[in-house]
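These notes are about the structure you will find just below.
The values are calculated or read from the model by the stated rules, or taken from the named source; none is laboratory data. Given the structure is predicted, the values throughout are model-derived calculations rather than measurements. Glycine gets a Cβ as well: all are built from the backbone with ideal geometry, and neighbour counts include every protein chain shown.
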Amino acid sequence: MPGLGSGSVEFISHNIDQTLRVGARLGQLLVGGDVICLAGNLGAGKTALTKGIAAGWGALEAVTSPTFTLIHEHRRARDKQVLYHVDCYRLHGTADAWGIGLEDLLHDDGIVVIEWPEHIQAALPEDHLWIRLDIMDETQRRMVFNATGERYTTLVEAFRQQVSGA
Ligand SMILES: Nc1ncnc2c1ncn2[C@@H]1O[C@H](COP(=O)(O)OP(=O)(O)OP(=O)(O)O)[C@@H](O)[C@H]1O
Ligand SMILES: [Mg+2]
């Protein structure tokens, strides 16, 4: 897996199964309080990647797109941790983000996965993992991971090792 230096990694997913696997690898590494931002156009694969993340984390139920309810809560059997899947497509700005209770989620000890984070950029915590998904063609997606802060740099390095050792 080619890297871009510490805290960044970039690769191509060739099909949806690969995206699910990548997500699962990442999901296994998450700890309470982690914030994962998934940016990219409609159909880029943000929800698909979230399905993988939730599966790897251990979610009891399948992930569906939270476009209409905005926030989905997932639970797992192992402990009381919650994974929040948030869709900000219909939001614009910090007031909207606070309006759906995002601030509380971000101060909770859960994991927060955010689609369309660019719509609420100013409401995001300074430290986070930003994943940019781009559509290359029908089945190929480029994914660029960028960590901000120590926790996420460590996370990206752990993820890089997991994937290259697979
Ligand atoms: N390599 C790939 N990775 C992920 N999805 C892929 C891939 N190749 C094809 N697809 C298809 O692209 C679509 C991705 O849809 P998904 O709902 O995950 O996108 P999204 O980024 O969440 O879009 P939205 O902004 O509408 O929420 C699915 O139909 C999926 O089957
Ligand atoms: Mg989606």
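What the table below lists for this structure:
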read-out: Condition met for THR139 (within 21 Å of TRP57 (Cβ to Cβ) and away from ligand 2 (no atom under 16 Å from the Cβ)); value: no
read-out: Residue within the stretch 49-57 that is at pLDDT 95 or above, assigned to a loop (DSSP other than H, G, I, E, B) and either closer than 14 Å to VAL112 by Cα or in contact with an Asp or Glu (Cβ under 8 Å, 6 or more places away or on another chain) (or both) present; value: no
read-out: Yes/no for ASP79 being part of a loop (DSSP other than H, G, I, E, B) and either touching a helix residue (DSSP H, G or I) at 6+ places or on another chain (Cβ under 8 Å) or exposed (fewer than 13 other Cβ atoms within 10 Å of the Cβ) (or both); value: yes
read-out: Residue that is surrounded by the most Cβ atoms within 10 Å (Cβ to Cβ) [pool: residues in the stretch 9-48 that are within 16 Å of ligand 2 (Cβ to nearest atom) and in a loop (DSSP other than H, G, I, E, B)]; value: GLY45
read-out: Among the residues listed as ASP109, ASP134, the single one being surrounded by fewer than 21 Cβ atoms within 10 Å (Cβ to Cβ) and either farther than 21 Å from ALA55 by Cα or over 17 Å from the mean Cα position of the chain (by Cα) (or both); value: ASP134
read-out: Out of LEU42, LEU26, LEU38, sole residue that is within 30 Å of ASP96 (Cα to Cα) and touching a strand residue (DSSP E or B) at 6+ places or on another chain (Cβ under 6 Å); value: LEU38
read-out: Flag if GLU73 is within 16 Å of VAL144 (Cα to Cα), of a type in the set (Asp, Glu), in a strand (DSSP E or B) and more than 14 Å from ligand 2 (Cβ to nearest atom); value: no
read-out: Residue list for the stretch 82-101, filter: within 14 Å of ligand 2 (Cβ to nearest atom) and either in a strand (DSSP E or B) or loosely packed, with under 13 Cβ neighbours inside 10 Å (or both); value: HIS85, VAL86, ASP87, ARG90
read-out: Residue match in the stretch 112-122 (condition: among the charged types (D, E, K, R) and more than 16 Å from ligand 2 (Cβ to nearest atom)); value: no
read-out: Condition met for PRO66 (within 16 Å of the chain's Cα centre (by Cα), more than 11 Å from ligand 1 (Cβ to nearest atom) and either surrounded by fewer than 13 Cβ atoms within 10 Å (Cβ to Cβ) or outside any helix (DSSP H, G or I) (or both)); value: no
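Each row is one residue, and each column tells you yes or no for (1) over 10 Å from the mean Cα position of the chain (by Cα); (2) on the phi > 0 side of the Ramachandran plot.
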site: VAL9; (1), (2): yes, no
site: GLY23; (1), (2): no, no
site: GLY33; (1), (2): yes, yes
site: ILE36; (1), (2): no, no
site: LEU42; (1), (2): yes, no
site: LEU60; (1), (2): yes, no
